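Note sheet for the following structure.
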Amino acid sequence: MSNRLELGAFSFAKDEHELLVLLASATQELGFDHYSYGVRLPLPKSQPKTLIFSNYSKRWYQRYVRENYVGIDPTVQHGLRSVLPLQWSSQTAQECPEFWEEAAAHGLCTGWAQSCFGPSGMIGMLTFSHSNATVPSQAQERDMRVLNQVMHERMTHVLTVQNIMDEVILLNPRELEVLRWAADGKTSAEAGDILNLSERTVNFYMGHVLDKLGVTNKTAAVVKAIALNLI
């Protein structure tokens, strides 16, 4: 990644396809064989959606998804706990030896990974990998750190629009008021006193909020509204 213009191109990408074209080019420029960008969306709260974009072989990608390797992949487990970069080697890794053996068989022998946590609750992780034992230089690692931030910022925007806000949720001003007071821990009666409404009217508005957000109770409504930056 030799100049700022290339990084700037990421800011103009309109969708994940354009982002991945740029990422593939950056991967080659950095001297790696493969890239992977995984992201965990904040919704649904009970079982957050995970998306994986990569140029891995079709066989490895399908097996990774089919066997739910995201649940045991040591690089992912590290990324969920820390934003510090991780340099890994399938030959020296001690955790999950069978997983690493399979990864190496598909050309993933050494690599670098770093996660990034966004304000909306979205977690992303960028991974580069080699089919050999090449170790990135300090300059390369600096580029990868910056690219990780840029990639996450733009992908967060793209995926928020496409996957979280796939249904436009519009709450009217009164519904938002009721929801905000619920988030503050107020009961319907207390919110009614504050807003000069009857408890029944507050419950009426809250019923509309639950329907629009597709949830069944106030707590779930507050959690989802916060995740969607509605309140």
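The values are calculated or read from the model by the stated rules, or taken from the named source; none is laboratory data. Just so you know, these numbers come straight off a predicted model, no measurement behind them. With ideal geometry, Cβ positions are generated from the backbone for all residues, glycine too; neighbour counts draw on all protein chains shown.
When Lys49 is tested against (1) out of contact with any Leu (no Cβ under 7 Å at 6 or more places or on another chain); (2) within 30 Å of Thr216 (Cα to Cα); (3) among the basic types (Lys, Arg), just one condition goes unmet, and that condition is (1).
Residue count for segment 1-32, restricted to those that are at pLDDT 90 or above and small (Gly, Ala, Ser): 4.
Taken across segment 43-56, residues that are farther than 28 Å from His157 by Cα and either surrounded by 14 or more Cβ atoms within 10 Å (Cβ to Cβ) or at pLDDT below 95 (or both) do not occur at all.
Aromatic (Phe, Trp, Tyr), under 22 Å from the mean Cα position of the chain (by Cα) and part of a helix (DSSP H, G or I): does that describe Trp100? Show your work before the answer.
Values: aromatic (Phe, Trp, Tyr): yes; under 22 Å from the mean Cα position of the chain (by Cα): no; part of a helix (DSSP H, G or I): yes.
Criteria not met by Trp100.
Report those helices (runs of 4 or more DSSP H) wholly inside segment 132-231 carrying at least 2 residues which are without any contact (Cβ under 8 Å) to a residue 40 or more places away in the chain, outside the structural domain of Phe117 (by TED's automatic domain parsing) and more than 30 Å from Ala103 (Cβ to Cβ). Talk me through it step by step, then tell me what you get.
Working: elements: 138-159, 173-183, 188-195, 199-213, 218-227.
Passing ranges, in order: 173-183, 188-195, 199-213, 218-227.
Looking only at residues of segment 15-67 that are of a type in the set (Phe, Trp, Tyr) and in contact (Cβ under 8 Å) with a residue 60 or more places away in the chain, we find that the one that is farthest from Gly124 (Cα to Cα) is Phe32.
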